[in-house]
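Handing you this structure, nothing more for now.
What follows is calculated from the coordinates using simple rules that are stated; it is not laboratory data. Every value quoted in this text rests on a predicted model; they were computed, and no experiment measured them. With ideal geometry, Cβ positions are generated from the backbone for all residues, glycine too; neighbour counts draw on all protein chains shown.
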Amino acid sequence: MIKYIIKRILEAIPVMFVIITAVFFMVRFVPGGPFDRERSASAETIAALNAYYGLDKPLFEQYLGFLKNLSRGELGPSYKYEGWTVNEILAEKAAVSLELGCAALVAAALMGVLLGLAAAAFGRSAWGAILSGLSLLGICLPSFVLGPLLILLLAIKFRCFNAVGWDSASDIVLPALTLALFYAAWIARLMRRAVSDELSRGYVRTARAKGLPPGKVYFVHIFKNAVQPVVSYLGPAAAGLLTGSFVVETIFQIPGLGRFFVSSALDNDYTMIMGCVILYAAFIIFFNLLADIALAALNPKVAKQL
Amino acid sequence: MNIDSRESFAPASAWRKICSDRVAFFALCFVAVCAVLCALADFVAPFHYAAQDLKLGAVPPCGEHLLGTDTLGRDLLSRLLYGGRISYAVGLLATAVAVLIGVSYGLLSGMCGGKIDAFMMRVVDIAYSLPFTIFVILLMLVFGRSVWLVFIAIGAVEWLTMARIVRGMTLDIKGRQFVEAAEALGESKLGIMLRHILPNLAGVIFVCAALTVPSVMLLEAFLSFLGLGVQAPLPSLGSLVKDGAEAMEDAPWLLVFPAVFFSATLFALNRIGEALSEK
């Protein structure tokens, strides 16, 4: 197992390297530079700024310089937010996004698994159809549709929550729900399908035949097998939640990393974009690894192949 | 001996599956009607999508403007039709791109087998775990936000699942007798791939493509919502939802109609795909 984890981490290094290189050169091809939008700046000022930050050097030299700084864990100064380094900004903003993302991921997993279990338990009855209809509805309500609708209904019409902002403790409810519901619906569908596949297996019949209480068969024996596709989906789901936060943070005006990423991409804030991309990619790779380890813990067959 | 065990793609069986499922049948009718109306937006839309009437401002649904107007006095129904046209076009074209990449990649991987196959699939595994949306956002910035690039960029992201499924099926079909027979008859590898394996995959590809369409439309709307997809004044369903969200306190209809239309479209497309994938 430990060997497998080390192997995966080693594998992640070239992947990260490719991502960093690709993004580094890609953002340089974006027309315009980080200082073009400074209103008062004359051509000389921009040239001076570029020289100050080393942006007038050959591209490859800049790239090597960036890698060198990166190896020391430094991402350089932000071009847009004077006096701030990218490290400082990331540390501040990522905490907010992480809080939101984790809340949404937990909510999605809990709601999805419960809904899926219930839908499978009701089978082909009317309740089963209603519950699977609900989960299909969930995947048709993406965050940018659901978020504004929730605000309209719960914040503007009934005034249960603040429409936007990130001040009081209850401000996390609406954005987390907005982010979570789509993934909860996917998980519910995965879970329902997996449970109904397991129900017809031999071991279920054996467990029932030897007189185990139906609840134990359902929640212990079947659950342990049926939850596996859900666990392996959690990796991609975490990635989706992170990128989904671009939209949700914009809708709810949350001072998190997602909103920041989009604006820094539009502003050509090169170092900031790199910082965000590196952080996102690292998160996503980490979550995928975590999901794979959890899967191996659940399934000895998978663990053997590692 | 059953040499040619083709389960070749049968439109008739797909049609039967849809017809036997009442919800899916209505979903198909809904999508067909919407697609035709949107495609003919130039003729059926009561106004042009950019025709403003600033004096009018945002009015709620009324006789002249069935779904009301937006803050610039533009007719919402017309903008929905034009926006739907963009979304459907993205859905179809980006899916075509995804099918093209995914099928060729999966076929190649499955046909080569062995180490090449293992490597190619490892690449797909890794690509699954990449922040692709970020790449699409950066691509949009690099190339300016042209509509055509939206198609290609989205298609280039959504091919992974297709590649996996096609590769699995290729491996399965490759071992069947009719392929061995074709090999014995001296058919080239390329010929086997195109003449014997590909036709057997048509059904699977069709179903997978049907399920790709809604997820592609979703990604396009996501980008347009962030202001990175289709550019104003051209509407897309994503940008209409965004405009509606900005004006929802004073003019809730601007949010509700695009949101309902978009979600209903996604629901219908997903439901059709689901019905097709039933055994």
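Considering the dipole of segment B:108-197 built from charges on the beta carbon (Lys and Arg +1, Asp and Glu -1) around the Cα centre, which of B:Gly186, B:Met111, B:Ser146 is farthest to its positive end?
The residue sitting most towards the positive pole is B:Ser146.
Tabulate in residue order the Karplus-calculated ³J(HN,Hα) for segment B:234-244, using 6.51 cos²θ - 1.76 cosθ + 1.60 with θ = phi - 60°, rounded to whole Hz; enter x for Gly and Pro.
Each residue of segment B:234-244 in turn: 4, x, 9, 4, x, 6, 5, 4, 4, 4, x Hz.
Could you name the aspartates and glutamates in cross-link range of A:Lys3, using Cα to Cα under 15 Å and dropping any fewer than eight places away on the same chain?
A:Glu11, A:Asp292
For chain B, I need the span (max minus min coordinate) of the C-alpha atoms along each principal axis, in Å, sorted largest to smallest.
The principal-axis extents, from largest down, are 77, 44, 27 Å.
Now a separate question. Thinking of segment B:137-250 as a set of Cα atoms, what percent of all their pairs are more than 23 Å apart?
50
Tell me, what is the FRET efficiency for A:Leu67 and B:Glu246 to the nearest 0.05, using R0 = 35 angstrom and their Cβ-Cβ distance as r? Don't jump to the answer; show the numbers that get you there.
On the way: r = 41 Å, r/R0 = 1.18.
The computed FRET efficiency comes out at 0.25.
Given contacts defined as C-alpha pairs under 8 Å and at least six residues apart, what's the relative contact order of chain B, whole-number percent?
28
Would you calculate, for chain B, the mean residue ellipticity at 222 nm contributed by helices, counting each DSSP H stretch of 4 or more residues as -39,500 (n - 2.57) and dividing by all residues, to the nearest 500?
The helix-only estimate for chain B comes to -22500 deg cm²/dmol at 222 nm.
Another one. According to the square roots a ≥ b ≥ c of the eigenvalues of the Cα gyration tensor, what is the shape class of segment A:54-116, taking rounded for a/c under 1.5, prolate for a/b larger than b/c otherwise, and oblate for the remainder?
prolate
Arrange A:Ile284, B:Ile154 by Cβ neighbour counts within 10 Å, fewest through most, would you?
Details: A:Ile284 24, B:Ile154 29.
Lowest to highest Cβ neighbour count: A:Ile284, B:Ile154.
A further question on this structure: What FRET efficiency, computed as 1/(1 + (r/R0)^6) with R0 = 45 Å and r the Cβ-Cβ distance, is obtained for A:Tyr81 and B:Asp125, rounded to the nearest 0.05?
0.75
Taking only Cα atoms and a 10 Å spring cutoff, compute GNM fluctuations for chain A and point out the largest among A:Pro229, A:Pro58, A:Pro34.
Maximum fluctuation in the GNM of chain A, among the listed residues, is at A:Pro58.
Shifting gears a bit: For segment B:194-279, evaluate the Debye formula with one uniform point scatterer on each Cα (no solvent term) and list log10 I(q)/I(0) at q = 0.12, 0.21, 0.23 Å⁻¹, rounded to two decimals.
Log10 I(q)/I(0), no solvent term: -0.48, -0.94, -1.03.
Lysines within cross-link reach of A:Lys7: Cα-Cα under 30 Å, excluding same-chain residues under 8 positions apart?
Output for A:Lys7: A:Lys68, A:Lys224, A:Lys301, A:Lys304, B:Lys115.
Using only the alpha-carbon atoms, how far is helix B:253-277 inclined from the longest principal axis of chain B? Give it as 0 to 90 degrees, nearest 10.
20
Here's another thing I want to ask about it. Assuming 0.890 mPa s and 25 °C, estimate D for chain A with Stokes-Einstein, Rh taken as the Kirkwood radius over Cα pairs, in µm²/s. Present the calculation step by step, with values, prior to reporting the outcome.
On the way: Rh = 22.2 Å.
Taking Rh from Cα pairs, D becomes 110 µm²/s.
Per residue of B:241-247, how many C-beta atoms from partner chains lie within 10 Å of its own C-beta, taken as a mean? All intermediate terms of the calculation are to be shown ahead of the outcome.
On the way: counts 6, 5, 0, 4, 9, 2, 0.
Averaged over the peptide's residues, the number is 4.
Kirkwood hydrodynamic radius (Cα pairs, Å) of the protein assembly as shown? If you can, show how the numbers build up before the last one.
On the way: mean 1/r = 0.0382 Å⁻¹.
After inverting the mean inverse Cα-Cα distance, the result is 26.2 Å.
If I fit a long axis through the Cα atoms of helix B:160-174 and take the longest principal axis of the Cα atoms of chain B, what angle between them do I get, 0 to 90°, rounded to 10?
Roughly 20 degrees between the two axes.
Around B:Thr69, which amide H atoms from residues at least 5 apart in sequence, or from another chain, sit under 5 Å from its own amide H, with H modelled in the peptide plane?
B:Val59, B:Leu76
How much net charge surrounds A:Ala51 when only the other residues with a Cβ under 14 Å from the Cβ of A:Ala51 are counted, with Lys and Arg +1 and Asp and Glu -1?
Numbers: positive: A:Lys57; negative: A:Glu44, A:Asp56, A:Glu61.
It works out to a net charge of -2.
Now a separate question. Among the helices of chain A (complete DSSP H runs), which have Cα atoms covering no less than 15 Å along the helix axis and a Kyte-Doolittle mean of at least 1.6?
Span-like helices, by this rule, are A:2-29, A:86-122, A:126-139, A:270-298.
Can you tell me the orientation of helix B:76-112 relative to chain B, as the angle in degrees between its alpha-carbon axis and the longest Cα principal axis, to the nearest 10?
Tilt of helix B:76-112: around 20 degrees.
Count neighbours as other Cβ atoms within 10 Å of each site's Cβ, and list the trypsin sites (Lys or Arg not before Pro) in segment A:146-241 that are DSSP loop with at most 12 such neighbours.
When the trypsin sites (Lys or Arg not before Pro) of segment A:146-241 are filtered for loop state and at most 12 Cβ neighbours within 10 Å, A:Arg159, A:Lys210 remain.
Whole-Hz Karplus ³J(HN,Hα) for segment B:20-25, in order, using 6.51 cos²θ - 1.76 cosθ + 1.60 and θ = phi - 60°, x for Gly and Pro?
7, 10, 4, 4, 5, 5
If each DSSP helix of 4+ residues adds -39,500 (n - 2.57) and the sum is divided by the residues in chain A, what number results at 222 nm, nearest 500 deg cm²/dmol?
Numbers: 12 runs with 219 residues, N = 306.
After summing the helix terms and dividing by residue count, I get -24500 deg cm²/dmol.
Could you run the Debye sum over the Cα atoms of segment A:135-247, one equal point scatterer each and no solvent, and tell me log10 of I(q)/I(0) at q = 0.13, 0.15, 0.16, 0.23 Å⁻¹, two decimals?
-0.65, -0.76, -0.80, -1.18
Taking one equal scatterer on every alpha-carbon of segment A:28-162, how large is log10 of I(q)/I(0) by Debye at q = 0.18 1/Å?
Reported log10 I(q)/I(0), two decimals: -1.10.
Same structure, new question: With a 10 Å Cβ neighbour count serving as the proxy for reagent exposure, in which order, fewest first, do B:Asp172, A:Asp267 appear?
Least to most surrounded, the residues fall as B:Asp172, A:Asp267.
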